[in-house]
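To start, the structure itself, in structure tokens.
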Amino acid sequence: MTRNEIREAVMSILRDIAPDEDISDLNDEIAFREQMELDSMDFLDIVMELRRRYGVNIPEEEYTELASMAKTVNYLEPKMVDIPFEK
């Protein structure tokens with residue numbers, strides 16, 4: 001996947017996990033929790049969806065790498081480079 005495809009994949013997960021949130025103007029540099037009403041269970045749901053949809057395993061000690069969209073895409077890019085993008 002490209003960086004843009006990874007971003008769209010994460011946006012899709014966010015839309016599914018927080019359907020009432022308006023993420024259309026999400027700032028990639030600001031932490032998700034500062035922009036959205038996500039609790040720790042929502043965050044775990046993001047991690048689980050990445051595993052379920054794309055086979056990406058994220059160790060608990062690396063969860064902080066998923067704090068914002070920019071950090072998430074940077075972290076996931078090498079892990080998802082060979083995964084085909086499916087909408």
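The values are calculated or read from the model by the stated rules, or taken from the named source; none is laboratory data. If you're wondering where the values come from, they're calculated on a predicted model, not measured in any experiment. As a convention, Cβ positions derive from the backbone with ideal geometry for all residues, glycine included, and neighbour counts pool all protein chains shown. Surface areas here come from the heavy atoms of the whole protein model, side chains and all, with no ligands, DNA or RNA. Shrake-Rupley method; radii C 1.70, N 1.55, O 1.52, S 1.80 Å.
Within the range 7-26, if we keep just the residues that are touching a residue at least 40 places away in the same chain (Cβ under 8 Å) and more than 8 Å from the chain's Cα centre (by Cα), the residue that is nearest to Thr72 (Cα to Cα) turns out to be Glu8.
When the range 1-49 is filtered for residues that are more than 20 Å from Glu61 (Cα to Cα) and open to solvent by 80 Å² or more (accessible area, probe 1.4 Å), the ones remaining, listed by number, are Arg3, Asn4, Arg15, Asp16, Pro19, Asp20, Asp22, Ser24, Asp25, Glu29, Glu34, Glu37.
Which ones in the range 16-42 are part of a helix (DSSP H, G or I), among the hydrophobic types (A, V, I, L, M, F, W, C) and at pLDDT below 90? I'd like the intermediate steps shown before the answer.
Pass one, the range 16-42, residues part of a helix (DSSP H, G or I): 16-17, 32-35, 40-42.
Subset that is among the hydrophobic types (A, V, I, L, M, F, W, C): 17, 32, 41.
The answer is none; no residue qualifies.
Among the residues in the range 1-11, are any of a type in the set (Ser, Thr, Tyr), under 16 Å from Met80 (Cα atoms) and assigned to a loop (DSSP other than H, G, I, E, B)? Yes: the range 1-11 contains one or more residues that are of a type in the set (Ser, Thr, Tyr), under 16 Å from Met80 (Cα atoms) and assigned to a loop (DSSP other than H, G, I, E, B).
Among the conditions (1) farther than 22 Å from Ala18 by Cβ; (2) at pLDDT below 95, the only one that Glu77 does not satisfy is (2). Can you find, within the range 63-81, the residue that is surrounded by the fewest Cβ atoms within 10 Å (Cβ to Cβ) among those that are in a helix (DSSP H, G or I) and polar (S, T, N, Q)? Out of the qualifying residues, it is Thr64.
Restricting the range 50-62 to residues that are buried (at least 16 other Cβ atoms within 10 Å of the Cβ) and in a helix (DSSP H, G or I), which is farthest from the chain's Cα centre (by Cα)? Spell out how you get there, then give the answer.
The first filter runs over the range 50-62 and keeps only residues buried (at least 16 other Cβ atoms within 10 Å of the Cβ), leaving 50, 54, 56, 58.
Then drop every residue that is not in a helix (DSSP H, G or I), which leaves 50, 54.
Numbers: Leu50: 7, Tyr54: 11 Å.
Among residues in the range 50-62 that are buried (at least 16 other Cβ atoms within 10 Å of the Cβ) and in a helix (DSSP H, G or I), the one farthest from the chain's Cα centre (by Cα) is Tyr54.
Note on the range 50-86: residues that are in contact (Cβ under 8 Å) with a residue 12 or more places away in the chain, closer than 13 Å to Ile6 by Cβ and of a type in the set (D, E, K, R) total 3.
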